[in-house]
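Here is the structure we will look at.
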Amino acid sequence: MELWSRADPQLREVVWFSMRCRALALLLQAKPLVSQAAFNLLIPDHAADAFSPPRLGPRGPWDALVERLLGGLGRWDAEHFLFIAERGYLLEHNCAFLPLFPLGLRLLAGLLPWPVQLQPRSRLLLAAALLNALLSALAAAALLALGRAVLRRPRQAFLAALLFSLSPAGVFMAAAYSESLFAVLAFSAMWQLEKGRSCLSGLLFSLASAARANGLINAGFFLYRRGRRFALQLRAGPASLRALPSVGKRLLSLASSAALACAGIFLPFALFQYYAYVRFCGPGAGQAVPEPLLQLARDKGYRVAGAAGAKPLWCSQRFPLVYSYIQDTYWNVGFLRYFELRQIPNFLLALPVTLLGSWAAWTYVSANPRHCLTLGLERRKSEEKGKERDGFCGPAAFVYVVHSTALLAFGFFCMHVQVLTRFLGSSSPILYWFPAHLLQEHEPLLWSTETDNPTSGKPLLGKSPSSCGKGTSDNPVVRLLLNWRSITPLSKSILGFFLGYWLLGLVLHCNFLPWT
């Protein structure tokens, strides 16, 4: 541990800050705590029309305790993940949730020694709290490494990784959701790709597509990297007729490698669609289902695997994709379907992340108009001279800005817009790189490494004189929060958004109220 802290104090601070934030989140959502009791008094649990399977089997006092301590982690979509981990894909609409995270929960719950007798749901809740605490710390560490590779500004990468631990989607990083797992896989895959390790990156991207469907979009990173390399080779190589056969071979090699990479990333998703087809469209005899679950399926119109009767409509489609069918039929997801007057509150909920993502794209395009028009497929003179621009506005961040903007546009027009915050927060580093860029560019307290406020000359809180120049890392986020009155309005807006959504998410989500 001492060797690790000496070798990389920033990494140590990122991991410990993530663990402290996750522990605080778990404490705040626990019902016996005074703060959560006050929240429950002011905002009682909402009787949401969401999936809520009946609790089967006798509940002991330890199960009741776990439910009171960690029950807030099992709201909304977490009910699906916990149900799948316990009983498998028993109901058709459970197939909207991919299997990697519930499989991890089931394995961990089965491997951990339990000193007391607990029901499966209680064990799964404990496993989810432990697993996501670890995964969120690993995701923050992966984001730090990715930021260093892309931004080439260690302090900016460090600040962005710290902001990840206070993500506006923080409640979903702690709850029994797949966001933390997806984040660590996606950020690690991006980092490995930046390091030139294509095989390991492809494996991680493939695993990410087994956790969340939007992992399929990550194939674009492989396609862009190979396409850009090919375009730069063409510009640098000879243009004579003799070179055409060589160009053809390289083009064929590019196409085959790109197809192979995309096939690897798409494979887990395709295999799961096939599994769902066999499960719900095949002639299987099904499995014994407890009567309370059958009654729930009858009351809500859920289709049970192996049930007698007509096959689902999607089974007869040319490409039987259960995922698309569920999104369309159960949740009415589609282009402009959410554009209704009654959804204005949800659009307001997504407004901060929409503005932040749009501002990030505009800032990047404004700083690099030619680079964006040419899709980054031509080498700048500064790159040729070895003086490539770094930071958020550097050319290396182009593909990440495109990725973030594509997710933002798709989510805004085609999804339930309130999920945009967690959709971007677990998928794109831009949500953390751009605020870190703004803070470093416009916050005077981050310009100086001294212990005094550069504007007032007063000593800064949150930074000790002994930390200067000795290779240790103070926490700039904590420093800004402790000097709240001294920071700029822009810094207050950014930190207010991160902290406000982090705290409101815990309060509302854990009380079964709609959140991002």
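Each part gets one Cα centre, and for the range 243-314 versus the range 115-149 those centres are 27 Å apart.
Output the relative contact order of the range 80-184, whole-number percent, from Cα pairs under 8 angstrom with separation of 6+ residues.
Relative contact order comes out at 29 percent.
Accessible area per residue for the chain is 47 Å², calculated with a 1.4 Å probe on protein heavy atoms, without ligands, DNA or RNA.
Annotation: amide H of residue 153 within the under-5 Å range of 391, sequence separation 5 or more or interchain, hydrogens built in the peptide plane.
Using the average count of surrounding beta-carbon atoms within 10 Å as a protection proxy, the listed peptides 497-504, 146-153 rank, highest first, as 146-153, 497-504. Among the DSSP helices (H) of the chain, those spanning at least 18 angstrom by Cα along their long axis with an average Kyte-Doolittle hydropathy of -1.0 or more are 9-29, 120-151, 179-194, 219-236, 244-281, 351-367, 398-414, 489-509; this is a geometric and hydropathy rule only. When 62, 76, 484 are compared by accessible surface with a 1.4 Å probe, the order from highest to lowest is 62, 484, 76. Helices in the chain, meaning DSSP H runs of at least 4 residues, each add -39500 (n - 2.57). Divided by all residues, the mean residue ellipticity at 222 nm is -19500 deg cm²/dmol.
Taking 0.36 nm per residue of separation and subtracting the Cα-Cα distance, what length does fully extending residue 23 through residue 319 add?
102.1 nm
Using a 1.4 Å probe over the heavy atoms of the protein chains, calculate the carbon and sulfur portion of the accessible area of the chain as a whole percent. Of all accessible area on the chain, carbon and sulfur atoms account for 65 percent.
Note on the chain: Lys pairs 8 or more places apart or on different chains, Cα atoms under 24 Å apart, count 7. Looking at (i) 42.2; (ii) 57.5; (iii) 29.0, which value of mean projected area of the Cα convex hull in nm² comes from a calculation on the structure shown? For mean projected area of the Cα convex hull in nm², the calculated option is (iii).
Provide 197, 121 ordered by accessible surface of protein heavy atoms (probe 1.4 Å), highest first.
Final ranking, largest accessible area leading: 197, 121.
Placing +1 on the Cβ of every Lys and Arg and -1 on the Cβ of every Asp and Glu, with nothing else charged, gives the chain a dipole about its Cα centre of roughly 1380 debye.
Contact order normalised by length for the chain, with contacts defined as Cα pairs under 8 Å and 6 or more residues apart; what percent is it? Please report the intermediate quantities before stating the final value.
Working: 663 pairs, mean separation 110.6, N = 516.
Averaging sequence separation for qualifying contacts and normalising by length gives 21 percent for the chain.
The residue 365 and residue 310 beta-carbon pair, evaluated with R₀ = 35 Å, returns a calculated FRET efficiency of approximately 0.10.
When 252, 181 are compared by accessible area at a 1.4 angstrom probe, the order from most to least is 252, 181.
The values are calculated or read from the model by the stated rules, or taken from the named source; none is laboratory data. Worth saying up front: this structure is predicted, and the values here are computed from it rather than measured. Reconstructed Cβ throughout: ideal geometry from the backbone, glycine too, with neighbour counts over all protein chains shown. With ligands, DNA and RNA removed, areas are computed over all heavy atoms of the protein, side chains included. Shrake-Rupley method; radii C 1.70, N 1.55, O 1.52, S 1.80 Å.
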